[in-house]
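*Asks:* The structure follows.
The values are calculated or read from the model by the stated rules, or taken from the named source; none is laboratory data. Worth saying up front: this structure is predicted, and the values here are computed from it rather than measured. Neighbour counts are summed over all protein chains in view; Cβ atoms, including those assigned to glycine, are modelled from backbone coordinates with ideal geometry. Side chains included, ligands, DNA and RNA excluded: accessible areas come from the protein's heavy atoms. Shrake-Rupley method; radii C 1.70, N 1.55, O 1.52, S 1.80 Å.
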Amino acid sequence: MLDRNVSRRDFLAWTARSACFVCGMGFMHTSSAAAQPLTARAEESHFMREARFYTKLAHGDIECQICPRRCQVSPGDRGFCGNKENRGGVYYTLSYNRVAAAHVDPIEKKPLYHYLPGTRAFSIAAAGCNIRCKFCQNWTIAQQVPEDVEHQPLTVPEAVSRCRHEQCPTVAFTYSEPTAFYSYMYDVAREARAAKVGSVMISNGFIEAEPLTALCRQLTAVKVDLKAFSQQFYSTYCSADLDPVLATLKRLKAIGIWFEIVNLVIPTLNDDPRQIRSMCEWIKANLGPAVPIHFTRFHPMHLIRNLPPTPVKTLELARTIALEAGLHYPYVGNVWGHEGSHTYCPSCKKTLIKRVGFIISENAIVKGACSFCGEPIPGVWRQAQLGLQEESCASGSRSIADVRFAKT
């Protein structure tokens, strides 16, 4: 999540340290641009690129084809996500190279439990989202337009270079909704792959088939938030639809990329055991038993502050239901040190990976298999599986103020 403990002084200090890296640009961006119209700021061209996946319509209108909203946007207007604008019949993203959050995180924080456990990810985000969750924990960047969010420039080569400098094997697109800054994500992921660095998208799954398929050629893993197994929930609390997310999950399965699912369990809203059972049965039937699902604890946030945190017993029941439905890797999330956060062999039932929060204390998976009985454990355990370089990658987490970047 976005580190809100970073002071403005630390943020500006971090920006100053980066000046030597980007001094050739002749300018820095460290504050909101809302004081002037975007078109009046010549330097904003650094953050603009023609968007991918849109078609031109009559009278200068365009139709965005990245997500199921299919926004039809007239000249001078923006789409639902607020970070793409129609200028004279050409659709531009306004969040290219425009990073609103940067952090070095444990990969377990995403959460991805079957992807390079114990390593770190250089995590970046730009402002914007294509849905509106009333419980969003990062709404101050996800539900804002780029001009209203503190940011700094980070070009595609810089993003990959900084990831490598931090000895992270992975770039993570996270915090807000990466689908909203698709063009930047795609180009960073492509550059990362060329540099033998992995990249993962932490997403709501509300994306169309063609851009998803193209993107997955560059990514190495995906985490999808399955908000609930109810269209009513999606309509009421997310201003979105369930079916496109289910379609995304099935496409990820068909594509063959590694993916995991998170279900944030919110008391009284999506914690009905019958609904959870239906969801688990759908996952088993359509995606198979090996897809990890994380039942994550809700905490009061954004527009939903009248509900208590999820009782741990509710999460334990959800995990039990998933096991009964035949899923091999259900997890309890956001509960520090819970036994449901460990990975168990579905064959011999031995504990394979022990986690304390985001820290790996034991790992008994050897060459992708249980070291006790030899049962194959699906996941991405070594970069070599992806054709990427092996690298020393310590576990840990640092805020944007602590990240050091060297010119390469």
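*Asks:* Under unit Cβ charges (Lys, Arg +1; Asp, Glu -1), what dipole magnitude, rounded to 20 debye, does the stretch 133-270 have relative to its Cα centre?
*Replies:* Computed charge dipole of the stretch 133-270: roughly 580 debye.
*Asks:* For the stretch 373-382, what does the Karplus curve 6.51 cos²θ - 1.76 cosθ + 1.60, with θ = phi - 60°, yield as ³J(HN,Hα) per residue in whole Hz, taken in order and with x for Gly and Pro?
*Replies:* 10, x, 4, x, 10, x, x, 10, 9, 9
*Asks:* On alpha carbon coordinates alone, what is the Rg over Rh value for the stretch 93-166, Rh being the Kirkwood radius?
*Replies:* 1.00
*Asks:* How far apart, in nanometres, would the label points at residue 148 and residue 196 be if each is projected 7 angstrom from Cα along the Cα-to-Cβ direction?
*Replies:* In this crude spin-label approximation the distance works out to 4.5 nm.
*Asks:* For a test of the definition: using alpha carbon positions, the gyration tensor, and the 1.5 limit on a/c, classify the stretch 132-267 as rounded, prolate or oblate.
*Replies:* oblate
*Asks:* Enumerate the calculated ³J(HN,Hα) couplings along the stretch 79-90 in order (Karplus 6.51 cos²θ - 1.76 cosθ + 1.60, θ = phi - 60°), each rounded to whole Hz, writing x wherever the residue is Gly or Pro.
*Replies:* Result, ordered by residue: x, 4, 6, x, 10, 10, 9, 7, 10, x, x, 10 Hz.
*Asks:* Per 0.36 nm of contour for each residue apart, how much would the distance between residue 351 and residue 214 grow if the chain were fully extended, relative to their Cα-Cα spacing?
*Replies:* Contour length minus the Cα-Cα distance gives 45.6 nm.
*Asks:* Show which lysines lie in cross-link reach of residue 84 when reach means a straight Cα distance below 20 angstrom and same-chain residues fewer than eight apart are skipped.
*Replies:* Within the straight-line cut-off, residue 84 pairs with 56.
*Asks:* Where does each of 74, 183 land when they are ordered by accessible area, with a 1.4 Å probe and the largest first?
*Replies:* Per-residue accessible area, sorted high to low, gives 74, 183.
*Asks:* Starting from the Cα of residue 56, step 7 Å toward the Cβ, then list every residue of the stretch 77-100 with an amide N under 20 Å from that point.
*Replies:* In the stretch 77-100, the label zone of residue 56 (backbone N under 20 Å from the point 7 Å along Cα→Cβ) covers 77-79, 84-94.
*Asks:* Here's a follow-up. Pop a pseudo-label 7 angstrom from the Cα along the beta-carbon direction at both residue 373 and residue 70 and give the gap in nm to one decimal.
*Replies:* Each label point is offset 7 Å from its Cα along the Cβ direction, giving 4.9 nm.
*Asks:* So what does residue 49 come to for accessible area, using a 1.4 Å probe and Å² rounded to 10?
*Replies:* 90
*Asks:* List the residues, sorted by chain then number, that are 5 or more residues from residue 296 or on another chain and whose placed amide H is less than 5 Å from its amide H.
*Replies:* 263, 264, 265, 333
*Asks:* Compute the length gained on full extension between residue 63 and residue 299: take 0.36 nm times their separation in residues and subtract their Cα-Cα distance, giving the result in nm to one decimal.
*Replies:* 81.3 nm is the gain from fully extending residue 63 to residue 299.
*Asks:* In the stretch 261-322, which trypsin sites (Lys or Arg not before Pro) are in a loop and have at most 13 other Cβ atoms within 10 Å, using DSSP for the loop call?
*Replies:* Those that pass, being in a loop and sparsely packed, are 305.
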